[in-house]
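To start, the structure under review is shown below, and the notes come after it.
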Amino acid sequence: MSPATTTRGTVPYITQWTGEQKAAMPVVTRRERLAYADERSYDRDIGGVLWRRVPSTPGKGKPDFGAVHPLRQRLAMAGLLCQVCGGPADRNEDGVLWLMGEASDNPDSWPQGLETAHPPVCLPCATLSVRACPHLRRRFVALRVQTCTLAGVHGALYQPGPDGPILTDAVGVTFRSPAIRWIIASQLLVYLDRFTFTDIETEAEIAATRKTTHGHPQRE
Ligand SMILES: [Zn+2]
């Protein structure tokens, strides 16, 4: 899988395209939970959660950089794929690489244990992102994560009503919450645990050195 390219540059794997329009999906209450009127087996995933049905046709239309494609986000998160190129996320002895744009001014104060909807990244994409995006360059934090657990979903929450389910809010819900039966999920949330901070530029330099050494083997 490689990212689609436009005149605006590389489009991240998880970005939704305007050609990927979601159909209006009538919902009903069935077996005391939210369901699609014409539900199919592929509409539900982990824990029986109902997912937003959106066609996956990356490259069709224009990239909508503010929107995340539900299926590709879920595949990237559950399969630990890079959110930018869709290839395997980088992993070393310190864990899987995550790039967080919402860095606090004092990363040392971060709790061990962090919930996110952003899938991990590979090292080349992390390096490119940090160099290309002024927002990230200023405020990003790179993490090496030892443990990540599927925590829940973010999506549209409904409640039972006399004439059918009623949309109430856009929220994040854990898999253990009873509300999980009343949500149409659009993003998978993971809980990151046991992580350390790392420096992307340093890691990129080390990776480049290894590549060079590998390309020209020397006797020890
Ligand atoms: Zn990548």
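The values are calculated or read from the model by the stated rules, or taken from the named source; none is laboratory data. Predicted model, so just to flag it, every value in this text is computed and none were measured. Please note: Cβ atoms are built from the backbone with ideal geometry, for glycine as well, and neighbour counts cover all protein chains shown.
Key figures
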read-out: Filter pass, Leu99 being buried (at least 16 other Cβ atoms within 10 Å of the Cβ), free of Cβ contacts under 8 Å to residues at least 12 places away in the same chain and either closer than 21 Å to Val145 by Cα or within 16 Å of the ligand (Cβ to nearest atom) (or both); value: no
read-out: Qualifying residue in the stretch 135-143 (condition: at pLDDT 90 or above and either part of a strand (DSSP E or B) or farther than 18 Å from Ala117 by Cβ (or both)); value: yes
read-out: Set Glu102, Glu32: member being modelled with pLDDT under 95 and either closer than 19 Å to Cys125 by Cα or in contact with a Cys (Cβ under 9 Å, 6 or more places away or on another chain) (or both); value: Glu102
read-out: Qualifying residue in the stretch 157-174 (condition: among the hydrophobic types (A, V, I, L, M, F, W, C), more than 16 Å from the ligand (Cβ to nearest atom), modelled with pLDDT of 90 or more and not in a strand (DSSP E or B)); value: no
read-out: Pro70 touching a residue at least 40 places away in the same chain (Cβ under 8 Å) and in contact with a Lys or Arg (Cβ under 6 Å, 6 or more places away or on another chain); value: yes
read-out: Among the residues listed as Thr147, Thr116, Thr127, the single one being away from the ligand (no atom under 16 Å from the Cβ), closer than 21 Å to Thr15 by Cα, of a type in the set (Val, Ile, Thr) and modelled with pLDDT of 85 or more; value: Thr116
